[in-house]
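K.L.:
Quick one: structure below, then a few questions.
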Amino acid sequence: QVYLEESGGGLVQPGESLRLSCVASGFTFNMYPMSWYRQAPGKERKLVARIGNVDYTVHADSVKGRFIISRDNAKNMLYLQMNSLKPEDTAAYYCSTIVSGTTYWGKGTLVTVSS
């Protein structure tokens with residue numbers, strides 16, 4: 001069974017950095033693209049970044065140049081390095097993948113950027 005669990009969220013001040021992690025199990029991790037999404041209070045969930053199984057990456061315009069998605073296939077881990085955080089980055093962050101046509105989500109980790 002596919003399982004995803006995020007960690008690394010917290011409260012930070014504007015301009016600071018955080019690194020989110022997502023551990024994956026239940027599928028052949030290195031064969032599937034992985035994504036980070038975020039959902040701010042009262043707003044829809046949106047794609048933040050995606051990484052393919054051969055390391056192509058896509059980042060949303062709102063985070064380009066500040067966030068970097070990466071993966072460690074040997075450890076079944078997905079990461080999101082978040083730099084120069086802004087208050088508008090405050091959201092619950094979710095890792096996600098699609099396996100056999102089904103979208104899987106972790107439970108999320110909360111990031112709050114506030115002075």
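The values are calculated or read from the model by the stated rules, or taken from the named source; none is laboratory data. What you are looking at is a predicted structure, and each value in this text was computed from that prediction instead of being measured. When we count neighbours, we look across all protein chains shown, and the Cβ atoms used for this are built from the backbone with ideal geometry, even at glycine. In case anyone asks, the SASA skips ligands and DNA or RNA and just uses the protein heavy atoms, side chains included. Shrake-Rupley method; radii C 1.70, N 1.55, O 1.52, S 1.80 Å.
K.L.:
Straight-line reach from Lys107: which lysines have Cα under 18 Å away, leaving out those fewer than 8 places along the same chain?
P.N.:
Qualifying lysines at Cα under 18 Å: Lys43, Lys46.
K.L.:
Calculate the dipole size of the chain relative to its Cα centre from +1 charges on Lys and Arg beta carbons and -1 charges on Asp and Glu beta carbons; express the result in debye to the nearest 20.
P.N.:
That gives a dipole near 100 debye.
K.L.:
Semi-axes of the equivalent ellipsoid of the chain: what are they in whole Å, largest first, if each equals the square root of 5 times a C-alpha gyration tensor eigenvalue?
P.N.:
23, 14, 13
K.L.:
Per the 1.4 Å probe, what fraction of the accessible area of the chain, in percent, lies on carbon and sulfur atoms? Can you show the working numbers first?
P.N.:
Working: 3000 of 6210 Å².
C and S atoms contribute 48 percent here.
K.L.:
Could I ask something else about it? Note down the nm distance, to one decimal, between modelled labels 7 Å out along Cα→Cβ at Lys64 and at Thr102.
P.N.:
In this crude spin-label approximation the distance works out to 3.5 nm.
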